[in-house]
Amino acid sequence: MDKNFKLEYLPIFEQDLSSVRDYIAKTLQNPTAALRLVNDTEKAIIRRSKNPLGYTPYHSAKDRKQPYYTIRIRKYTVFYVISGNVMEVRRFSYSRRNLSDII
């Protein structure tokens, strides 16, 4: 699939990413790593938008109208769904958390 999907970000995704960024930058006192994570996340999402359905859906115990897909960025996971030609980016979480509680 060669077309780009339109990207939409839910506010909760932006809050998730901001919280992690702030934690790394302020609590861990590593603003360079925080900026690198945000940049790498943005690049990974844009790269995925070129073929978002070319990956295995995330296995979920919940019944969903739209399956979730994931993107791994180091120790973090981005969750998104596809609706028509829109790639809706929904959540950003530390991968070692219980992800089924998040989505």
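Rule-based calculations on the coordinates, nothing more; no lab input. Quick caveat, the model's predicted, so the values are computed rather than measured. Positions of Cβ are generated from backbone atoms using ideal geometry, with glycine treated the same way; all protein chains shown enter the neighbour counts.
Just a few scattered comments:
- Some residue of segment 25-33 being buried (at least 17 other Cβ atoms within 10 Å of the Cβ) and more than 17 Å from the chain's Cα centre (by Cα): yes
- Considering residues of segment 1-55 that are of a type in the set (Lys, Arg) and part of a helix (DSSP H, G or I) only, the residue farthest from Tyr69 (Cα to Cα): Lys26
- Output for segment 67-88, where each listed residue is under 16 Å from Val38 (Cβ atoms), touching a residue at least 24 places away in the same chain (Cβ under 8 Å) and assigned to a strand (DSSP E or B): Ile71, Ile73, Tyr76, Val78
- Of all residues in segment 42-64, at least one satisfies being of a type outside the set (A, V, I, L, M), touching a residue at least 12 places away in the same chain (Cβ under 8 Å), more than 18 Å from Leu99 (Cβ to Cβ) and loosely packed, with under 13 Cβ neighbours inside 10 Å.
- Scan segment 18-32 for residues that are within 16 Å of Ser93 (Cα to Cα) and not basic (Lys, Arg) and the total you get is 6.
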